[in-house]
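Enquirer: Submitted below is the structure of interest, expressed as structure tokens.
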Amino acid sequence: MEKKRLIIAIDGPSGAGKSTVGRALAKRLGYLYMDTGAMYRAVSLKAEEKGIEPWDEPALSRLVSSIHIAFVARDEETRILCNGEDITEAIRSPEISRLASDISKSRVVRKALVGMQKEMGKKKGVILDGRDIGTVVFPDADVKFYLDADPEERGRRRYRELFEKGMEVDFKKTLQEVIERDRNDMNRSLSPLKRAHDAVLIDSTNRSVEEVVEEMYRVVVEKRRWSEVDYR
């Protein structure tokens, strides 16, 4: 009998490892992985290209209504396309990251992207990561995780990621940006970052990707086992 396909939400701060473990877990389960933070980065990239300021709601509204964002599995990884253009690498710069933190506060952008995310998740069999997936986008998600890690460890991960891409980065500046991003995400008035009351908390500070994925997999399998009766 076909296994019940679930909606799995992974929330948490920047650098906790959501994208890495989300992709690995999706591959193990045969699910589609969706990095919702990448959607805000996509809007930010296009806003920067068009010279649109984060506070310009009318311009952002026009922009977000004119773009189509899609996640496509290619060569065992998920690529993000915006109007057919592969922007997976372009959205990972520190500049776009900072801009995304501001643009994510926009009501028109958030409303539009949440709508897209809900539509994408309708078929189930998806893993979505972000900052408000389990609290706002899919409050009834079948499984919810809140992935966290010590700020310094998250800063080190971000530093290594950028350094390995050949970017000139400073660890202290990178750490400060991580801390500032936390402050912005947790204190914004619209959909602030917080742990859903029914989310499983996982601290990835001193744990390998494999260990975290294994714990998540066990939780998902157990949830799926208990829900099989209802599914039948």
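Enquirer: Sort out which residues of segment 107-151 are free of Cβ contacts under 8 Å to residues at least 60 places away in the same chain and in contact with a Phe, Trp or Tyr (Cβ under 9 Å, 6 or more places away or on another chain), and write them in order of number.
Expert: LYS118
Enquirer: Taking the conditions exactly as written (basic (Lys, Arg), out of contact with any Leu (no Cβ under 8 Å at 6 or more places or on another chain) and not in a strand (DSSP E or B)), does LYS3 satisfy them or not?
Expert: Working: basic (Lys, Arg): yes; out of contact with any Leu (no Cβ under 8 Å at 6 or more places or on another chain): yes; not in a strand (DSSP E or B): yes.
Yes, satisfied.
Enquirer: While we're on this one: Tally the residues that are over 17 Å from the mean Cα position of the chain (by Cα) and closer than 14 Å to ALA38 by Cα, restricting the search to segment 68-82.
Expert: Looking only at segment 68-82, we keep the residues that are over 17 Å from the mean Cα position of the chain (by Cα), and these are 68, 74-76.
Within this subset, residues satisfying the condition of being closer than 14 Å to ALA38 by Cα are 68.
Within segment 68-82, residues that are over 17 Å from the mean Cα position of the chain (by Cα) and closer than 14 Å to ALA38 by Cα number 1.
Enquirer: Within segment 77-175, which helices (runs of 4 or more DSSP H) (wholly inside it) include 3 or more residues that are of a type in the set (A, V, I, L, M) and surrounded by fewer than 21 Cβ atoms within 10 Å (Cβ to Cβ)? Show your work before the answer.
Expert: Working: elements: 94-103, 107-120, 151-164.
In segment 77-175, 107-120 are the helices (runs of 4 or more DSSP H) which contain 3 or more residues that are of a type in the set (A, V, I, L, M) and surrounded by fewer than 21 Cβ atoms within 10 Å (Cβ to Cβ).
Enquirer: Look at segment 33-54 and say how many of its residues are touching a residue at least 24 places away in the same chain (Cβ under 8 Å) and either over 13 Å from the mean Cα position of the chain (by Cα) or assigned to a helix (DSSP H, G or I) (or both). Spell out how you get there, then give the answer.
Expert: Looking only at segment 33-54, we keep the residues that are touching a residue at least 24 places away in the same chain (Cβ under 8 Å), and these are 33-48, 54.
Checking the rest, the ones that are also either over 13 Å from the mean Cα position of the chain (by Cα) or assigned to a helix (DSSP H, G or I) (or both) come to 36-48, 54.
Total meeting the criteria: 14.
Enquirer: Right, here's the next one. How about segment 103-135: which of its residues are modelled with pLDDT under 90 and over 30 Å from LYS3 (Cα atoms)?
Expert: SER104, LYS105
Enquirer: I've got another one for you. Check segment 209-229 and report whether any residue there is among the small types (Gly, Ala, Ser) and assigned to a helix (DSSP H, G or I).
Expert: If we filter segment 209-229 for residues that are among the small types (Gly, Ala, Ser), which is where we start, we get 227.
Going one step further and asking which of them are assigned to a helix (DSSP H, G or I), we end up with 227.
Yes: one or more hits.
The values are calculated or read from the model by the stated rules, or taken from the named source; none is laboratory data. Since we're looking at a predicted model, the values are computed, not measured. As a convention, Cβ positions derive from the backbone with ideal geometry for all residues, glycine included, and neighbour counts pool all protein chains shown.
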